[in-house]
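Chemist: Structure provided below as structure tokens; questions to follow.
The values are calculated or read from the model by the stated rules, or taken from the named source; none is laboratory data. The structure displayed is predicted, hence computed values, not measured ones. For neighbour counting, all protein chains shown are included, and Cβ atoms are generated from backbone atoms with ideal geometry for every residue, glycine included. The protein model used for the area step is the full one, side chains on, heavy atoms only, and it has no ligands, DNA or RNA in it. Shrake-Rupley method; radii C 1.70, N 1.55, O 1.52, S 1.80 Å.
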Amino acid sequence: MASLVLEKVNAGYGKLQILFDVSFHVPDKQITVVVGPNGSGKSTTLKAIFGIANVYSGKIVFDGKNIAGMPPHRIAKLGIAYVPQTDNVFAKLTVRENLEMAGYGMPEDEVRERVREVLDMFPILKERMNQKAGTMSGGERQMLAMAIALVRRPKLMMFDEPTAALAPKIALEILDIIQRLRDEHGITILLVEQNAKKALEIGDRGVLLVGGRVAFEGSARELLEHPDLGRMYLGLVAEEAGGS
Ligand SMILES: Nc1ncnc2c1ncn2[C@@H]1O[C@H](COP(=O)(O)OP(=O)(O)O)[C@@H](O)[C@H]1O
Ligand SMILES: [Mg+2]
């Protein structure tokens, strides 16, 4: 099991409160998509869960345990991985070195085994083992960031706008990989996306954040097809919002 529940989370940076009574569920082995306008607190939500932003009150319950206020390394140990939007690889290190770093502290042969597993999911990285991460394309770097997170076999993965600034075709590839993480590896996913339509189409659950508050929580389809919310906050056109 790897479910996450936020209960009335109030969080921010120092005294600056950003999230107000944020509550939603991230069910086991499903993709939960968080969407909302710029500055609505999407990234802060992931940072609060991962122990980077300050949680003032409320509960963040992962597999029955309240993790609110825990330091990031302990949260990672419980099986949560966080792929930030930027600076998610070591640009000056090679692909191989990045993957080996990800297994820091684990027995060497175990790291080798995990790296082999992960490379099977990202064959393109196999051809790039000796390339410095900073010289790769945006899409390849995003795949490396995902691979790094996977080395520790997380139960829950959080992605912050993994398709931002990528060409549409590469963006779809990344979303396809995220679906496979759910379907083939049983990983629970919390996905923050600016590409609301595409993300909600692959998602199971949808959460709309506006001004640091939850404006909607329900099935991804409901949010996608909502007559007003999509148009008001997500730039979805009514006809398009029906999807396929
Ligand atoms: N490290 C920080 N310190 C202070 N304020 C921050 C910090 N990071 C983000 N903020 C503020 O928090 C608000 C929400 O930001 P964010 O969670 O990044 O929104 P989103 O990801 O939805 O665009 C914004 O007003 C932003 O300026
Ligand atoms: Mg953000």
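Chemist: Identify the residue in region 48-66 that is open to solvent by less than 50 Å² (accessible area, probe 1.4 Å) and of a type in the set (A, V, I, L, M, F, W, C) and, among all such residues, is nearest to ligand 1 (Cβ to nearest atom).
Modeler: Only one residue fits best here, namely 53.
Chemist: Is region 97-109 home to any residue that is acidic (Asp, Glu) and either surrounded by 15 or more Cβ atoms within 10 Å (Cβ to Cβ) or within 14 Å of ligand 1 (Cβ to nearest atom) (or both)?
Modeler: Within region 97-109, one or more residues are acidic (Asp, Glu) and either surrounded by 15 or more Cβ atoms within 10 Å (Cβ to Cβ) or within 14 Å of ligand 1 (Cβ to nearest atom) (or both).
Chemist: Another question, then. Out of region 75-88, which residues are over 15 Å from residue 190 (Cβ atoms) and at pLDDT 95 or above?
Modeler: none
Chemist: Within region 150-168, identify whether any single residue is among the β-branched types (Val, Ile, Thr), out of contact with any Pro (no Cβ under 7 Å at 6 or more places or on another chain), in a helix (DSSP H, G or I) and surrounded by 19 or more Cβ atoms within 10 Å (Cβ to Cβ), and answer yes or no.
Modeler: Among the residues of region 150-168, not one is among the β-branched types (Val, Ile, Thr), out of contact with any Pro (no Cβ under 7 Å at 6 or more places or on another chain), in a helix (DSSP H, G or I) and surrounded by 19 or more Cβ atoms within 10 Å (Cβ to Cβ), which makes the answer no.
Chemist: Six or more apart or on different chains, Cβ atoms under 7 Å: show the pairs whose first residue is in region 28-47 and more than 6 Å from ligand 1 (Cβ to nearest atom) and whose second is in a loop (DSSP other than H, G, I, E, B) and at pLDDT below 95.
Modeler: Partner pairs satisfying both residue conditions: 28/1; 28/2; 28/3; 33/193; 35/193; 35/234.
Chemist: Of everything in region 25-47, what is near ligand 2 (Cβ under 10 Å from one of its atoms), part of a loop (DSSP other than H, G, I, E, B) and open to solvent by 40 Å² or more (accessible area, probe 1.4 Å)? Give them in sequence order.
Modeler: Those that are near ligand 2 (Cβ under 10 Å from one of its atoms), part of a loop (DSSP other than H, G, I, E, B) and open to solvent by 40 Å² or more (accessible area, probe 1.4 Å): 38, 39.
Chemist: Also, quick follow-up: When region 206-234 is examined, which residues are found to be touching a strand residue (DSSP E or B) at 6+ places or on another chain (Cβ under 7 Å), part of a strand (DSSP E or B) and either open to solvent by less than 50 Å² (accessible area, probe 1.4 Å) or without any contact (Cβ under 8 Å) to a residue 60 or more places away in the chain (or both)?
Modeler: 206, 207, 208, 209, 214, 216, 218, 219
Chemist: For residues that are in contact (Cβ under 8 Å) with a residue 60 or more places away in the chain and open to solvent by 60 Å² or more (accessible area, probe 1.4 Å), scanning just region 1-19, find the one that is nearest to the chain's Cα centre (by Cα).
Modeler: Filtering first and then ranking leaves 1.
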